[in-house]
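Here's the structure we're looking at; comments come further down.
The values are calculated or read from the model by the stated rules, or taken from the named source; none is laboratory data. These numbers come from a predicted model, not from an experiment. Every residue, glycine among them, receives a Cβ derived from its backbone with ideal geometry; neighbour counts consider all protein chains shown. Note: areas computed on protein heavy atoms with side chains; ligands, DNA, RNA excluded. Shrake-Rupley method; radii C 1.70, N 1.55, O 1.52, S 1.80 Å.
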Amino acid sequence: MSHHKNKRVLVGVTGGIAAYKSPELVRRLKDRGCDVRVVMSRAAEAFITPLTMQAVSGHPVYQHLLDAEAESGMGHIELARWAELVVIAPATANFIAKLAHGQADDLLSTLALATEAEVAVAPAMNQQMWQHPGTATNLEQLVQRGIRVIGPGSGDQACGEVGPGRMTEPEEIAAILAGDAIEPLLSDCRVLITAGPTWEAIDPVRGVTNHSSGKMGYALAQAASDYSARVTLVSGPVHLDTPEGVSRIDVISAADMLEVVMREVGKSDIFIAVAAVADYRPADVAKHKIKKSDDQDGMVIEMVKNPDILATVAALEKPPFTVGFAAETQNTIENAREKLKKKRVNVVAANNVGGDDSAFGSDSNAVTLVHSEGEVNIPPNDKYAVAIRMLQEINTLYRYQ
Ligand code: PMT
């Protein structure tokens, strides 16, 4: 996404109560050096006057498609070409539906089709309308076409109901568009993440573990928190600081991790299993340190299978949106697709852990998100950047799949 400072911005206002926030958005964009023109739908005029928008933007407001006077100035196609960014705030359910279906029956919807500029929408509507499958399908179309959806937030609504559908605050929209702030993409989500290795004790001083540093899981926890999610991180033994804003629960073994996850999972909307959980543990844990014996050259430790935490969560009657990782050394995508089916999860993030560029312990990673509809490649980058991209995709799949 481009960062919109000092740009030519077309602000579209459609007919919802949140239109009272649109003048403030124009101001905030102008604070960032943008030249702003305003287009209002007919319904928007029921909520705010064109004169107000003219006063804050410093330019006449464009209202009607077949307005000979306006067309003699900057015609609608010219306006569409002039814009470097089109932001529709508030965007009603009706306008989102029109945009999704390519309908062009008024000035704003025509401009949205005629422009080559980046288009962003800030939805605002009643919470039932926001959660209606029709709206979800329309939004999915917009996201797939590269239209940026900002918000909505959750809370008290003008209609007296409480829930998702409040337009994101103007300062936040302007800051997101300018690249000054990270979008509160997951503000209505509780995200549960496992990270790090597990330690399966053999005796009080020895155990079976692996090279997971926890960096990938911690990066996802940080990124989810930066996206305004409420994040709980269930962490195996690692040497990392707790990411800001994240609530962390430390565990040692797979059994401990399972217990905590099952306690927390009912409160979660999204579960991401990043931990490298030991598949097997010693059948018995010696009470005291096992002594080296002079007459014994070898030692056999009997191992038993650990519970599969990811599969247990996915098999719940009402599982959260579930994302697993697949650490593979060969046939990465095929094996990830196999895991997707076998563990019945929504997404598997496949990463190669063989060779020199293994994700284990390193600061960077590259993953392919495998889901029932296809695959998304996230190229090599530092783990935080990969986590940010992963959460953008997970958010889209969670909301619109
Ligand atoms: O911690 P880092 O150093 O940053 O490294 C990151 C990572 C390589 C550990 C991470 O990116 C990763 O790939 N994690 C998954 C490691 C793994 O155990 O993969 P797996 O293919 O064995 O397991 C598949 C999935 O099932 C994983 O989501 C795992 O968390 C889950 N699982 C596995 C076994 C088990 N008993 N319970 C589980 O929940």
Point to revise | the range 286-339, residues that are farther than 30 Å from VAL386 by Cα and β-branched (Val, Ile, Thr) | key: ILE290, VAL300, ILE301, VAL304
Practice item. Could you please find all residues in the range 310-331 being near the ligand (Cβ under 9 Å from one of its atoms) and more than 23 Å from the chain's Cα centre (by Cα)? Key: THR312, GLU328
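Considering only the range 278-301, I want to know if a residue exists there that is within 13 Å of the ligand (Cβ to nearest atom), in the same structural domain as TYR384 (by TED's automatic domain parsing) and touching a Leu at 6+ places or on another chain (Cβ under 9 Å).
At the first step, the residues of the range 278-301 found to be within 13 Å of the ligand (Cβ to nearest atom) are 278-281.
Now drop any that are not in the same structural domain as TYR384 (by TED's automatic domain parsing), which leaves 278-281.
Right, trim to touching a Leu at 6+ places or on another chain (Cβ under 9 Å) and you get none.
No, the range 278-301 contains no residue that is within 13 Å of the ligand (Cβ to nearest atom), in the same structural domain as TYR384 (by TED's automatic domain parsing) and touching a Leu at 6+ places or on another chain (Cβ under 9 Å).
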Check your understanding: Under the condition of being among the polar types (S, T, N, Q) and closer than 20 Å to LYS339 by Cα, which residue from the range 366-401 is most open to solvent (accessible area, probe 1.4 Å)?
Key -> ASN377
Point to revise | Subset of the range 116-151 [surrounded by 17 or more Cβ atoms within 10 Å (Cβ to Cβ), small (Gly, Ala, Ser) and modelled with pLDDT of 90 or more] | key: ALA117, ALA120, ALA122, ALA124
Check your understanding: So which pairs qualify, if the first residue must be in the range 192-208 and over 23 Å from THR232 (Cβ atoms), the second must be aromatic (Phe, Trp, Tyr) and away from the ligand (no atom under 13 Å from the Cβ), the Cβ gap must be under 9 Å, and the two must be at least 6 apart or on different chains?
Key -> GLY207/TRP199; VAL208/TRP199
Practice item. From (1) open to solvent by less than 50 Å² (accessible area, probe 1.4 Å); (2) more than 26 Å from ARG27 (Cα to Cα); (3) at pLDDT 95 or above, pick out the condition that doesn't hold for ALA91. Key: (2)
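With respect to ASN352, is the statement that it is within 11 Å of the ligand (Cβ to nearest atom), in contact with an Asp or Glu (Cβ under 7 Å, 6 or more places away or on another chain) and open to solvent by 20 Å² or more (accessible area, probe 1.4 Å) true? Steps first, please.
Numbers: within 11 Å of the ligand (Cβ to nearest atom): yes; in contact with an Asp or Glu (Cβ under 7 Å, 6 or more places away or on another chain): yes; open to solvent by 20 Å² or more (accessible area, probe 1.4 Å): yes.
The answer is yes for ASN352.
Mind checking whether some residue in the range 152-169 is touching a Ser or Thr at 6+ places or on another chain (Cβ under 7 Å), modelled with pLDDT of 90 or more, in the same structural domain as ARG32 (by TED's automatic domain parsing) and over 21 Å from SER228 (Cα atoms)? Break it down into steps so the answer makes sense when it comes.
To start, the set of residues in the range 152-169 that are touching a Ser or Thr at 6+ places or on another chain (Cβ under 7 Å) comprises 152-154, 163-164, 166.
With modelled with pLDDT of 90 or more added as a condition, the list becomes 166.
When the remaining residues are screened for being in the same structural domain as ARG32 (by TED's automatic domain parsing), the result is 166.
Within this subset, residues satisfying the condition of being over 21 Å from SER228 (Cα atoms) are none.
Within the range 152-169 (the criterion being touching a Ser or Thr at 6+ places or on another chain (Cβ under 7 Å), modelled with pLDDT of 90 or more, in the same structural domain as ARG32 (by TED's automatic domain parsing) and over 21 Å from SER228 (Cα atoms)), the answer is no, since none of the residues qualifies.
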Revision key, fill the gap. Scanning the range 213-243 residue by residue, those surrounded by 24 or more Cβ atoms within 10 Å (Cβ to Cβ) and part of a loop (DSSP other than H, G, I, E, B) turn out to be ALA229, GLY236
**Study point:** Number of positions in the range 169-200 that are open to solvent by 30 Å² or more (accessible area, probe 1.4 Å) and within 16 Å of the ligand (Cβ to nearest atom)
**Key:** 1
Check your understanding: Has the range 334-343 got any residue that is touching a strand residue (DSSP E or B) at 6+ places or on another chain (Cβ under 6 Å), within 10 Å of the ligand (Cβ to nearest atom) and among the polar types (S, T, N, Q)?
Key -> yes
Review point. Are any of the residues in the range 183-199 aromatic (Phe, Trp, Tyr) and over 30 Å from ALA275 (Cα atoms)?
Key: no
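For the range 244-303, list the strands (runs of 3 or more DSSP E) that sit wholly inside it and hold at least 3 residues that are touching a residue at least 24 places away in the same chain (Cβ under 8 Å); which are they?
Working: elements: 246-250, 270-273, 280-282.
Result: 270-273, 280-282.
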**Study point:** Only listed residue being at negative phi and open to solvent by 60 Å² or more (accessible area, probe 1.4 Å), chosen from ASP31, ASP67
**Key:** ASP31
